[in-house]
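Note sheet for the following structure.
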Amino acid sequence: MKTSNHALFGLFFLITSIFLFSGCKDNTYEEITYKANVPVYMGLDEFRGAVKRTTPQSLENPGKIYFKDNYLFVNEYHKGVHVINNSNPSAPEMVAFIEIPGNVDIAIRHNILFADSFIDLVAIDITDPANPVEVDRVEDAFPNVLPPLDFTYPVYGLDFAKGVVVSWDVKDVTEVVEKDAGFRHEYVMFDGSGAPAIGSNKVSIGPSATGVSGSMARFTINMNYMYAVHNNDLKVFNIGETPGISTGNVIPLDRQVETIFPYNNKLFLGTTTGMMVYDLSSPATPTFLSVFEHINSCDPVVVEGNLAYVTLRSGTQCNGFTNQLDVVDISSVTNPFLVKSYPMFNPHGLGIDNHTLFICDGDAGLKVYDATDPMEIHMNQLAHFADIRTYDVIPYNGLLMMIGANGLYQYDYSNLDSLMLLSHIPVVIP
């Protein structure tokens with residue numbers, strides 16, 4: 001059998017290449033095995049068809065809370081939203097669960113619930129809260145959002161073309177790398193984050209155009225606009241054409257933003273390095289007013305009158321080591337200044353209502369203060385529920401709704417001398 005010159009040349013080239021490569025590998029390359037975060041993907045078609053209503057679920061890993069028209073909406077971290085009929089806070093009723101992959105934040109205008117779903121923003125009609133229906137979606141509203149990961153290990157094989165990253169597998173991976181060069185880490189950012197007797201009191205709150213969020217929120221609504229903080233951006237969405245959403249301005253910020261709080265036609269942004277204030281006189285284009293600087297720390301903020309209350313905490317990706325409450329004078333909103341700081345244990349969310357200040361102090365529990373005199377807040381503690389791991393609160397018209405690692409708690413604080421526990425929906429460990 002004859003062999004062509006071309007075939008002989010090709011065989012010679014192949015053998016020579018293998019020989020040369022093998023020689024180089026012995027001298028220059030090595031095979032290494034290490035543990036890494038390997039992405040788990042969901043295809044885009046499956047992902048964008050995944051929002052649906054299911055039967056009520058138990059609280060397992062509750063996150064942020066939102067209250068509107070006697071309904072409570074509780075985020076189940078990265079899974080969806082619990083819908084709770086709260087017309088009687090002494091006996092709240094779980095009526096539905098909305099599956100929303102990657103959900104962390106929510107906001108509501110009229111009968112439309114807006115929720116993040118990893119990289120997308122979805123609009124869900126809750127005219128009948130027990131039967132929610134997706135009605136619109138902005139694809140890639142939050143590009144490249146990733147679920148939390150174990151920073152002990154690097155990321156391996158991240159490829160957004162494969163779909164949406166919905167989780168991580170920590171496992172061994174093997175690579176051939178240049179000898180003595182180690183392996184190349186892929187650094188990524190994720191948006192993330194980071195719960196007795198039943199009374200008979202009934203607190204009824206009338207209907208409103210928008211609801212009330214906790215202080216850890218990253219979404220808020222003003223008139224026909226929704227504002228979302230995402231990494232180093234303030235994003236504006238026009239939601240005036242119900243149920244549609246259209247994207248608006250993206251305002252770059254010079255720092256990492258954690259939370260957003262609306263007050264008197266202004267936005268107060270809690271960032272890792274300070275409280276920023278934006279004016280909404282032109283709601284489509286928020287304009288910068290001022291910043292109150294502080295050391296690196298995560299910091300939700302709430303406002304009442306001429307004072308802003310900011311909590312700073314350690315033990316987060318914000319790299320801070322301070323745990324305190326800052327009281328900031330904003331009577332001149334273009335020149336905020338510190339009034340006083342108070343040491344805390346590990347404060348997270350907080351709320352203020354008619355000078356009554358509620359602070360979720362992490363594992364130290366819920367603390368309630370009379371904040372009438374900002375210089376003496378520490379001397380005027382009204383209550384301390386030390387056995388609850390707390391995350392965030394919504395105080396409203398005498399009703400305190402609090403979420404934490406042990407579940408959802410509700411208190412009647414109409415009598416500040418004796419806060420009354422109305423109900424508790426516990427976390428169920430699967």
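The values are calculated or read from the model by the stated rules, or taken from the named source; none is laboratory data. All of these numbers come straight from a predicted model, not from anything done at the bench. As a convention, Cβ positions derive from the backbone with ideal geometry for all residues, glycine included, and neighbour counts pool all protein chains shown.
The table below lists the values:
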| quantity | calculated |
| --- | --- |
| Exclusive hit being of a type outside the set (A, V, I, L, M, F, W, C) and within 27 Å of L338 (Cβ to Cβ), set N238, N265, N224 | N265 |
| Of residues in segment 24-72 being closer than 15 Å to V176 by Cβ and part of a helix (DSSP H, G or I), the one modelled with the highest pLDDT | T28 |
| Matching strands (runs of 3 or more DSSP E) fully within segment 240-296 where at least 1 residues are acidic (D, E) | 257-263, 274-279, 287-293 |
| Residue tally, condition within 30 Å of T33 (Cα to Cα) and not acidic (D, E), over segment 120-178 | 29 |
| Selection within segment 274-315 - among the polar types (S, T, N, Q) and either in contact with an Asp or Glu (Cβ under 6 Å, 6 or more places away or on another chain) or modelled with pLDDT of 85 or more (or both) | S281, S282, T285, T287, S290, N306, T311 |
| Test: C318 is farther than 20 Å from Y227 by Cβ and at pLDDT below 95 | yes |
| Test: residue in segment 407-422 that is within 15 Å of P62 (Cβ to Cβ) and outside any strand (DSSP E or B) | no |
| Which numbered condition A91 fails, given (1) small (G, A, S); (2) surrounded by 14 or more Cβ atoms within 10 Å (Cβ to Cβ); (3) under 25 Å from V51 (Cβ atoms); (4) modelled with pLDDT of 85 or more | (3) |
| All positions within segment 28-55 that are among the basic types (K, R) and more than 14 Å from E175 (Cβ to Cβ) | R48, K52, R53 |
| Criterion: at pLDDT below 90 and within 30 Å of N86 (Cα to Cα) - qualifying residue of A195, A217, A181 | A195 |
| Any hit, segment 373-392, residues being among the polar types (S, T, N, Q), closer than 22 Å to L312 by Cα and not in a strand (DSSP E or B) | yes |
